[in-house]
Structure formats: structure tokens, C-alpha cells
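Down below is the structure, laid out as C-alpha cells.
The values are calculated or read from the model by the stated rules, or taken from the named source; none is laboratory data. All figures in this text were calculated on a predicted structure; none of them were measured in a lab. Glycine gets a Cβ as well: all are built from the backbone with ideal geometry, and neighbour counts include every protein chain shown.
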Amino acid sequence: MGAQLRIFRQRIRSVKSTAKITRAQELIASSRIIKAQQRTVAAQPYARAITRAVTALVSQAGTVDHPLLTEKKASPTRSAVVLLTSDRGFAGGFNANILREGEALTSLLREEGSEVVPYVSGRKGVTWYKFRNRALAGEWSGFSDRPTYDDAKAIADVVIEAFKTPTEEGGVDEIHLVYTEFVSMLTQRVVVRRILPLEVEEVEEGSAAAAAAAAAQGGGPLPQYDYEPDEEEVLDALLPRYVESRFYYALLTSAASEFAARRRAMKSATDNANELVDILTRSANQARQAEITQEISEIVGGANALADATAGSE
């Protein structure tokens, strides 16, 4: 066997082994997408209920003066940006898209005169920032593929505390969240949302905006609550839970998006590996045919030489 043919066959074996790995990763991601979607759906009733409760309380309270609902300054001087990335790779452009949107948001905030304070969840994002020697105000990792409510609470507690702290003492005026929202198995989009301060929208009862808000919160009229002991203490207890639920939903939909991106990337890698195997197989066949042709030519040439020598001796 010629050296060229051996090289082709070694490459074919290597590519086939890679294809087996990527195919296994694709199947694993496919099975985990369903579970991630189920966790997201299971968290929606709580998110809708707490949203309705907060909406009802704010509506009934009239003038609301709460730290999480009040703009600190007309022009923020310090803004926190929370990025939700993944702990593992093999997810195509999942992390690159988040980091790119984070950089775009950072540039926009700096143009508006605000200092950016980054918070990152996920090893890939943390590594990206540390490689560039950028300081992080907070970092979390180890739960991107299966986040829990405690993980969301850990992030929310840190950013809420930073929001409550005056900027002169190292606090922030607003908090933005950058994550990937799961739309479908083929579509995931990066979302940039301001988490704090919460926005209070005043709409007239019976208007289209009010109907849309009621539909988003599960429909039906808002419940009437009696406050005990008073509305301020109720809001103090309820609004942090509301922020935690927002982070929890973002972590869940980000996990589903991560699996979908990994499945798509691994399927593409498997298809490319199979295509490369076909190309290498054709090249190996051509090399083998060339060797056979050369061997036949050598045999025919040797037979002709022998025949000529025998004829000359006669």
C-alpha cells in the first residue's frame, strides 16, 4: 500500500471518529432541549402570578415611591450590564452573539456618558473578559445548562444591592440584562432589557394598552388586595421576588437556547464531517486506482521486456 493511500485512510478514520462525537453531542443536546423547555413552561405560572400581583399593588397604591421603581438620575452615570453566557462550548455563535450585543450596549452607554459595570454568568463570558484583563463586578458559573431559582436569586441579590447603593459608594443607577431568548428549535434571539429601575406605565382602564397588559398577565381583571401591615412593606417583600423571577426566566430560556444552538452546531459539524469523508474516500479510491494502474503498467512493461529478451536470445 502506498504512503498516500495510507494517509487518506488515516484521515478517513479520524474524521469518522469526530463525526461520531459530534453526532453524540447533537443527540444529547436534542434530548435536553425538551427538558429545558419544560422547565421554562413550568416557571411561567409563577411569573404571571407575581407580575399580576405587582401590577395590582402598584395600580392600587397610587403614588409609588419605592427604590426599585424610582429613577435615580435623569442621566445615569453608572450602569450595570449583566451577560448570561454558557459554561461549555460547541454551541456555535451562542456566546459570540451575546458578547457582541454586550459590547454594542457598552459602547452606547459610554457614548451617553455612563460608566459601565459588567456582571457575567457563564465560564465562556468570564474567560472572555479575563483574557482581555477587564475587571468584573460579579461572576457566576456552573449552572448555565440547568439553572435553579437559587442561582437566579444569587444574581438578583447582588445587582439589587448594587442598585440600592449610591453611585458615590460604588453603586449603579440602572441595570441591563443581555441574554438569548428561545423562540423555536431553529430561532434564538439575543435580547437586551433594562431590569432596574422597573418601569411603571400608566394606561387608561378599558384601553387597548390595558387589554394587552391584562392578556400578557393571564387575562381577567386585576385582583384587589388588602395591605397588611402597609403597602410599602408589601412592595419591599414582593418587588425583589419579581426581579428574581425575571432573572430566573432569563436563565431558563438561555439554557434552552444554548442546547438548541449546540444541537444546530453539532448537526452542521456532523454533516461537514460526513461530506469530508466522502471527499477523502473518492481521493483514496483515485490514489488506489493510480497505484493499480502503475502496478499493471510495471507488469506489462516487465513482460514485454522479458519477451524481447527471449526473442533476441533465439
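What's the total number of residues in the range 36-63 that are within 25 Å of the chain's Cα centre (by Cα) and surrounded by 14 or more Cβ atoms within 10 Å (Cβ to Cβ)? Explain how you work it out, then say what you get.
Just the residues of the range 36-63 that are within 25 Å of the chain's Cα centre (by Cα), to begin with: 36-48, 51.
Next, only the ones that are surrounded by 14 or more Cβ atoms within 10 Å (Cβ to Cβ) stay: 36-37, 39-40, 43, 46-48, 51.
Looking only at that region, the number is 9.
The set of residues from the range 276-312 being without any contact (Cβ under 8 Å) to a residue 24 or more places away in the chain, among the aliphatic types (A, V, I, L, M) and surrounded by 11 or more Cβ atoms within 10 Å (Cβ to Cβ) comprises ILE279, ALA290. Does the range 142-149 include one or more residues that are part of a helix (DSSP H, G or I) and either touching a residue at least 40 places away in the same chain (Cβ under 8 Å) or not assigned by TED's automatic domain parsing to the domain that holds ALA36 (or both)? There is at least one residue in the range 142-149 that is part of a helix (DSSP H, G or I) and either touching a residue at least 40 places away in the same chain (Cβ under 8 Å) or not assigned by TED's automatic domain parsing to the domain that holds ALA36 (or both). Annotation note: of GLU228, GLU275, the sole residue that is part of a loop (DSSP other than H, G, I, E, B) and either at pLDDT 70 or above or β-branched (Val, Ile, Thr) (or both) is GLU228.
In the range 57-79 there is at least one residue that is touching a helix residue (DSSP H, G or I) at 6+ places or on another chain (Cβ under 9 Å), assigned to a loop (DSSP other than H, G, I, E, B), over 30 Å from THR293 (Cβ atoms) and modelled with pLDDT of 80 or more. The number of residues in the range 80-121 being touching a helix residue (DSSP H, G or I) at 6+ places or on another chain (Cβ under 6 Å), touching a residue at least 60 places away in the same chain (Cβ under 8 Å) and in a loop (DSSP other than H, G, I, E, B) comes to 4. The residue pairs whose first member lies in the range 39-53 and is assigned by TED's automatic domain parsing to the domain that holds PRO240, whose second member is part of a helix (DSSP H, G or I) and among the polar types (S, T, N, Q), and whose beta carbons are closer than 6 Å, counting only pairs six or more residues apart or on different chains, are THR40/THR253; ALA47/SER245; ILE50/SER245. Evaluate the range 186-193: report whether one residue or more is modelled with pLDDT under 90, loosely packed, with under 13 Cβ neighbours inside 10 Å and assigned by TED's automatic domain parsing to the domain that holds LEU235. Checked against the condition, which is being modelled with pLDDT under 90, loosely packed, with under 13 Cβ neighbours inside 10 Å and assigned by TED's automatic domain parsing to the domain that holds LEU235, the range 186-193 yields at least one hit.
Per the listing ALA237, ALA250, ALA260, ALA265, the residue uniquely assigned to a helix (DSSP H, G or I), of a type in the set (A, V, I, L, M, F, W, C) and modelled with pLDDT under 90 is ALA237.
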